[in-house]
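Undergrad: Got a structure for you, questions after.
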Number of protein chains: 2
Amino acid sequence: MPEPVSIIGASGALGFGLAARLAHAGREVVIGSREPERAEQAVARARAAVPDGAFRGAVNAEAAGACELVVLCVPFRNQSETLHNLRDVLRPGQVVVDATVPLAAAVGGKATRTLGVWQGSAAQQAQEMVPAGVSVVSALHTVSAQALRDLDHELDEDVLIAGDRRADKARVAALIDSIDGLRCVDCGRLEMARLTEQLTALMISINVRHKTHAGVKITGLPSELWPAAAPAAR
Amino acid sequence: MPEPVSIIGASGALGFGLAARLAHAGREVVIGSREPERAEQAVARARAAVPDGAFRGAVNAEAAGACELVVLCVPFRNQSETLHNLRDVLRPGQVVVDATVPLAAAVGGKATRTLGVWQGSAAQQAQEMVPAGVSVVSALHTVSAQALRDLDHELDEDVLIAGDRRADKARVAALIDSIDGLRCVDCGRLEMARLTEQLTALMISINVRHKTHAGVKITGLPSELWPAAAPAAR
């Protein structure tokens, strides 16, 4: 069995779409939400979408402790508080996949604009807030929540990821690549999240213009992006 | 005949690659450079690459006045000086395609990092510096200069463009789409250049890791991106 995954904020659009896709790909998913009722409602919705999926509901703090792989799918305005609340739960060795995007919409601005984050990016803010030994990998900024959630929609796009440890990125890539039609591309160190997070605003601008759920593909890459023989750390 | 195009900084890598591709596509190209000798050398190199190409060499100021479509392909450290020198040459109605990227390399930093530009982006700095009535369209940040220059390399990627006037973007799209394997995608208003310019640093980071000349494609778009019946202005 592939290792299970916890999704913090899985009652939200992106988290829910990801939970459905991962369960559909045979992954056990812990659905985290702030309130137990909302977690259970999300589990019920997820089971309706993926009847043979292995789901379990939990409040965020319990979900964050349940798996080695934890995906953080919360709006930017909740990221700091959420991580603050998880500071005694997360433990060394865990990998936190941060999908947070500092859209200006968090403070009432446009979704095609972003906020400046002191640390440079939401992912770097996350890395600063998690306990020592917890590794943050930035990912999933260009994948449409709606496209994820609609299991009949055939995905065919890349997920740009950034992180400071190659081995952790490979682990996240194995998770995400298990979803049909998604391919993880290593974009470099965690600081590159400054660039990849911005792409959500770009996708939104493109979507508005073209009435679609656009995605990104990187051209010119070799066919084998995550060779198993890769060194454990970069 | 399609309208001719001037390229400012066409003796540099991106400008030269673009000149070669555009001439190969049947476009008359004015090759601009700071020194007349360098312009003539670039013309000689361009003729060697595209024997049936229509090239003409000129110093930048002459080149900038020669065509309605002017592509600015200079390093960020030269952008401001170049536009300052062209302030009496550019005239209302012209479209300046700005390909400038504020890489930190301009001040000795890494090419995977960018500088903050007061106006938000190099393209917005350009729009501030050109005479009133000259329209800036931001483009060409994700296309590898080497891939452009190697005419045997089959291109298959998108060019993300941003600008405040839809009609001007359509004009630039007609220019760039004439190159086989390139497709222009409208990313919104000129301020979106804040996001698209960053992609050069992202491409460089990906290229270093994967030893390639990566490009970008946007998935999920309709087949007809620039309908001729589009309104003249957005």
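The values are calculated or read from the model by the stated rules, or taken from the named source; none is laboratory data. Everything numeric in this text was worked out from a predicted model, so none of it was measured. Here the Cβ is made from the backbone with ideal geometry for all residues, glycine too, and neighbour counts use every protein chain on show.
Undergrad: Only one of these conditions is not met by B:Q127: (1) within 14 Å of chain A (Cβ to nearest Cβ); (2) farther than 23 Å from B:L22 by Cα; (3) within 16 Å of the chain's Cα centre (by Cα). Which number is it?
TA: (1)
Undergrad: For the stretch A:172-179, check the following and say yes or no: at least one residue is over 16 Å from A:V95 (Cα atoms), more than 14 Å from chain B (Cβ to nearest Cβ) and of a type outside the set (S, T, Y).
TA: In the first step, residues of the stretch A:172-179 are kept if they are over 16 Å from A:V95 (Cα atoms); the result is A:177-179.
Going one step further and asking which of them are more than 14 Å from chain B (Cβ to nearest Cβ), we end up with A:177-179.
From what's left, of a type outside the set (S, T, Y): A:177, A:179.
Yes: the stretch A:172-179 contains one or more residues that are over 16 Å from A:V95 (Cα atoms), more than 14 Å from chain B (Cβ to nearest Cβ) and of a type outside the set (S, T, Y).
Undergrad: Look at the stretch A:165-204 and say how many of its residues are of a type in the set (D, E) and in contact (Cβ under 8 Å) with a residue 60 or more places away in the chain. Walk me through it before giving the result.
TA: Applying the first criterion (of a type in the set (D, E)) to the stretch A:165-204 yields A:168, A:177, A:180, A:186, A:191, A:197.
Still in the running and in contact (Cβ under 8 Å) with a residue 60 or more places away in the chain: A:168, A:180, A:191, A:197.
Selection size over the stretch A:165-204: 4.
Undergrad: Mind counting the residues in the stretch B:161-196 that are of a type outside the set (G, A, S) and under 23 Å from B:G133 (Cα atoms)? Steps first, please.
TA: Applying the first criterion (of a type outside the set (G, A, S)) to the stretch B:161-196 yields B:161, B:164-166, B:168-169, B:171-172, B:175-177, B:179-180, B:182-187, B:189-192, B:194-196.
Now restrict to residues that are under 23 Å from B:G133 (Cα atoms): B:161, B:164-166, B:168-169, B:171-172, B:175-176, B:186-187, B:189-192, B:194.
Number of matching residues: 17.
Undergrad: Still on this model: Starting from the stretch B:32-43, take each residue that is touching a residue at least 24 places away in the same chain (Cβ under 8 Å) and closer than 15 Å to B:A64 by Cβ and list its partners that are among the small types (G, A, S) and assigned to a helix (DSSP H, G or I), counting only C-beta distances under 7 angstrom and pairs at least six apart or across chains.
TA: B:G32/B:A39; B:G32/B:A63; B:G32/B:A64; B:S33/B:A39; B:S33/B:A42
Undergrad: Kindly provide the set of residues from the stretch A:207-216 that are of a type outside the set (S, T, Y) and either within 7 Å of chain B (Cβ to nearest Cβ) or within 16 Å of B:K217 (Cα to Cα) (or both), ordered by number. Break it down into steps so the answer makes sense when it comes.
TA: Initial filter on the stretch A:207-216 (of a type outside the set (S, T, Y)): A:207-211, A:213-216.
Scanning the stretch A:207-216 gives A:N207, A:R209, A:H210, A:H213, A:A214, A:G215, A:V216.
Undergrad: A follow-up question, please. Return the only residue of A:A230, A:A123, A:A139, A:A193 being at pLDDT below 95, of a type outside the set (D, E, K, R) and in contact with a helix residue (DSSP H, G or I) (Cβ under 7 Å, 6 or more places away or on another chain). Outline the logic, then answer.
TA: Numbers: A:A123 fails: at pLDDT below 95; A:A139 fails: at pLDDT below 95; A:A193 fails: at pLDDT below 95.
Just a single option satisfies the conditions, and that option is A:A230.
Undergrad: Name the single residue, out of those in the stretch A:165-203 being of a type in the set (S, T, N, Q) and in a helix (DSSP H, G or I), that is nearest to A:A123 (Cα to Cα).
TA: As a first pass, look at the stretch A:165-203 and keep what is of a type in the set (S, T, N, Q): A:178, A:196, A:198, A:200.
Remaining after also requiring in a helix (DSSP H, G or I): A:196, A:198, A:200.
Numbers: A:T196: 10, A:Q198: 12, A:T200: 14 Å.
Top of the filtered list is A:T196.
Undergrad: Can you tell me which residue is nearest to the chain's Cα centre (by Cα) among those in the stretch B:91-122 that are within 14 Å of another protein chain (Cβ to nearest Cβ) and buried (at least 21 other Cβ atoms within 10 Å of the Cβ)? Walk me through how you get there before you give the answer.
TA: Residues of the stretch B:91-122 that are within 14 Å of another protein chain (Cβ to nearest Cβ), as a first pass: B:101-104, B:109-118, B:120-121.
Filter once more, so that each one left must be buried (at least 21 other Cβ atoms within 10 Å of the Cβ): B:101-103, B:112, B:114, B:121.
Numbers: B:V101: 10, B:P102: 14, B:L103: 16, B:T112: 20, B:T114: 18, B:S121: 15 Å.
Within the stretch B:91-122, the match that is nearest to the chain's Cα centre (by Cα) is B:V101.
Undergrad: For B:K217, work out the one condition from (1) in contact (Cβ under 8 Å) with a residue 12 or more places away in the chain; (2) in a loop (DSSP other than H, G, I, E, B) it doesn't fulfil.
TA: Failing condition for B:K217: (2).
Undergrad: A further question follows. crowded, with 16+ Cβ neighbours inside 10 Å and either of a type in the set (S, T, N, Q) or more than 20 Å from B:S138 (Cα to Cα) (or both), is that true of B:E28? Talk me through it step by step, then tell me what you get.
TA: Values: crowded, with 16+ Cβ neighbours inside 10 Å: yes; either of a type in the set (S, T, N, Q) or more than 20 Å from B:S138 (Cα to Cα) (or both): yes.
When the stated conditions are applied, B:E28 passes them.
Yes/no matrix, rows are residues, columns are (1) of a type in the set (S, T, Y); (2) more than 11 Å from chain A (Cβ to nearest Cβ):
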| site | (1), (2) |
| --- | --- |
| B:R166 | no, no |
| B:A170 | no, yes |
| B:L190 | no, yes |
| B:T200 | yes, no |
| B:S205 | yes, no |
| B:I218 | no, no |
| B:L221 | no, no |
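Undergrad: How many residues are touching a Phe, Trp or Tyr at 6+ places or on another chain (Cβ under 7 Å) and farther than 19 Å from A:P75 by Cβ when one looks only at the stretch A:131-172?
TA: Keep residues of the stretch A:131-172 that are touching a Phe, Trp or Tyr at 6+ places or on another chain (Cβ under 7 Å), which gives A:149, A:170.
Narrowing the set further to residues that are farther than 19 Å from A:P75 by Cβ leaves A:170.
Total satisfying the criteria: 1.
Undergrad: Quick check: anything in the stretch A:154-164 buried (at least 24 other Cβ atoms within 10 Å of the Cβ), in a loop (DSSP other than H, G, I, E, B) and either touching a Lys or Arg at 6+ places or on another chain (Cβ under 6 Å) or touching a residue at least 40 places away in the same chain (Cβ under 8 Å) (or both)?
TA: No, that holds for no residue.
Undergrad: Let me ask another. May I ask you to list the residues in the stretch A:48-68 that are out of contact with any helix residue (DSSP H, G or I) (no Cβ under 9 Å at 6 or more places or on another chain) and under 17 Å from A:R149 (Cβ atoms)?
TA: Hits for the stretch A:48-68 are A:A48, A:P51.
Undergrad: Of the residues A:A49, A:A25, only one is modelled with pLDDT of 95 or more and more than 24 Å from A:A162 (Cα to Cα); which?
TA: Unique residue meeting the criteria: A:A49.
Undergrad: Name the residues in the stretch B:140-164 that are within 17 Å of B:L225 (Cβ to Cβ) and away from every other protein chain (no Cβ under 14 Å), would you?
TA: Correct list: B:L140 only.
Undergrad: Would you pick out the residues in the stretch B:7-20 that are within 17 Å of B:G181 (Cα to Cα) and under 12 Å from the mean Cα position of the chain (by Cα)?
TA: B:L14, B:G17, B:L18, B:A19, listed by residue number.
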